[in-house]
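Worksheet: one structure, shown below.
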Amino acid sequence: MKATTIGKLTRLTVLGATMAAAFGAQADTDKVLNLYSARHYQTDEQLYGTFTKQTGIKINRIEADDAALLERLKGEGAKSPADVILMVDAARLAKADEAGLFQPVKSATLDARIPAKLHAASTNKGTDWYGFSTRARVIVYNKDKVDPKTVASYASLADPKHKGQVCTRSGSHPYMLSLVGALIARDGAAATTKWAEGMVANFARAPRGGDTDQIKAVATGECGVALANSYYYVRMARSDKPEDKALMSKVGFLWPDQAGAGTHVNVAGAGVAKHASNRDNAVKFLEYLASDEAQQYFANGNNEWPAVPTTKVDNPALASLGDFKAETVPIGTIAKNLPEAQRILDRAGYK
């Protein structure tokens, strides 16, 4: 096990040993929060550090990709020391929820600040998870190869006129699954199946890489058009690196479906772990994530939009993108559609 300490924030990378053993007796103290996080953004350090300064609660954080965290949590079972589980996509939150890894929370603060469409469906027992930041699934295009008027919607990417031009992530990636889950809610399974088949027919290459890879492939002309999360685009647009500036000069950006159902929006969210031993601290942490201060960290640190609609943001790069019409499909509905989304993509041959 390797451990590094940043102020009062302990970041643990566990090699071989169980995470429960890594945290040890710390899980039972009054001033500890054990966070399992799929977020890997350096800018979040300040976010967590501020929580510790305000509350005196030390955060023990373990970072891994979502699949690894889910498997670890399932393996640990009731012995898991996790207090909060933080994921970065509705698809991932849904998988954790389906696996019974969250416990419902009743919080007047969270219910008042987080819009209902950005959290799991509430029951009389409470709510399993809440979204705390949002990101849009946008279209980027090569300025020299593609007329933006021809790619103004998600549906347009499946038009035969764009054969050999489209690039995306894998069809099994949560970002893709969440978009398809939203399209099912918006247009129905039959129309979404036809769209997926059209996308496959239009591929410039087999799906691969992350969102930054898609943007770079569009800039170099390997692809004419691609899908990417908004914060990846803003991150590259804000870069001071000459090579990034050169690439971004060749790429255009647009909000899909502004004349229709609106641009697909996803969330990063969190919930209290089912077996949390520091439950009160966990709820405090979730409520802190909904505070104006924390919401501003998401916006200014990682170029995401706050989930709390009244939060004021001072990020010129985000502001430069302008306002846009977002879809109204609840995140909980998208999550329920994920199994069907995967079946549609698999049948279409979306690798």
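The values are calculated or read from the model by the stated rules, or taken from the named source; none is laboratory data. Just so we're clear, the structure is a prediction, and the values are computed from it rather than from any experiment. Positions of Cβ are backbone-derived with ideal geometry, glycine not excepted, and every protein chain shown enters the neighbour counts. What goes into the accessible areas is simple: the full protein's heavy atoms, side chains included, and nothing from ligands, DNA or RNA. Shrake-Rupley method; radii C 1.70, N 1.55, O 1.52, S 1.80 Å.
Details
- So L247, is it of a type in the set (A, V, I, L, M, F, W, C), at pLDDT 95 or above and under 21 Å from the mean Cα position of the chain (by Cα): no
- D323, sole failed condition from (1) open to solvent by 30 Å² or more (accessible area, probe 1.4 Å); (2) at pLDDT 95 or above: (2)
- The set of residues in segment 130-155 that are in a helix (DSSP H, G or I) and free of Cβ contacts under 8 Å to residues at least 40 places away in the same chain comprises K149, T150.
- Cβ-Cβ contacts under 6 Å between residues 6 or more apart (or on different chains), taken from a first residue in segment 28-53 that is closer than 17 Å to A82 by Cβ and part of a helix (DSSP H, G or I) to a second residue that is open to solvent by less than 10 Å² (accessible area, probe 1.4 Å) and modelled with pLDDT of 90 or more, are listed as Y48/I59.
- Close pairs from segment 220-237: first within 20 Å of A268 (Cβ to Cβ) and in a strand (DSSP E or B), partner among the charged types (D, E, K, R) and at pLDDT 90 or above, Cβ under 8 Å, at least 6 apart: L227/R137; L227/R169; L227/D211; A228/R137; A228/D211; N229/R135; N229/R137; N229/D211
- Residue in segment 252-270 that is open to solvent by 10 Å² or more (accessible area, probe 1.4 Å), in contact with a helix residue (DSSP H, G or I) (Cβ under 7 Å, 6 or more places away or on another chain), assigned to a loop (DSSP other than H, G, I, E, B) and within 23 Å of D44 (Cβ to Cβ) present: no
- Matching residues, segment 198-214, being within 12 Å of K351 (Cα to Cα), more than 23 Å from the chain's Cα centre (by Cα) and surrounded by 17 or more Cβ atoms within 10 Å (Cβ to Cβ): V200, F203
- Scanning segment 153-162 for residues that are out of contact with any Phe, Trp or Tyr (no Cβ under 9 Å at 6 or more places or on another chain) and open to solvent by 50 Å² or more (accessible area, probe 1.4 Å) turns up D159, P160, K161.
- Flag for E63 being out of contact with any strand residue (DSSP E or B) (no Cβ under 6 Å at 6 or more places or on another chain), acidic (D, E) and surrounded by 13 or more Cβ atoms within 10 Å (Cβ to Cβ): no
- Answer from A112, A78, A94, A68 - the residue that is closer than 20 Å to K336 by Cβ and either assigned to a helix (DSSP H, G or I) or open to solvent by 60 Å² or more (accessible area, probe 1.4 Å) (or both): A94
- Test for K284: is it touching a Leu at 6+ places or on another chain (Cβ under 9 Å), open to solvent by 60 Å² or more (accessible area, probe 1.4 Å) and either part of a loop (DSSP other than H, G, I, E, B) or closer than 26 Å to L86 by Cβ (or both): yes
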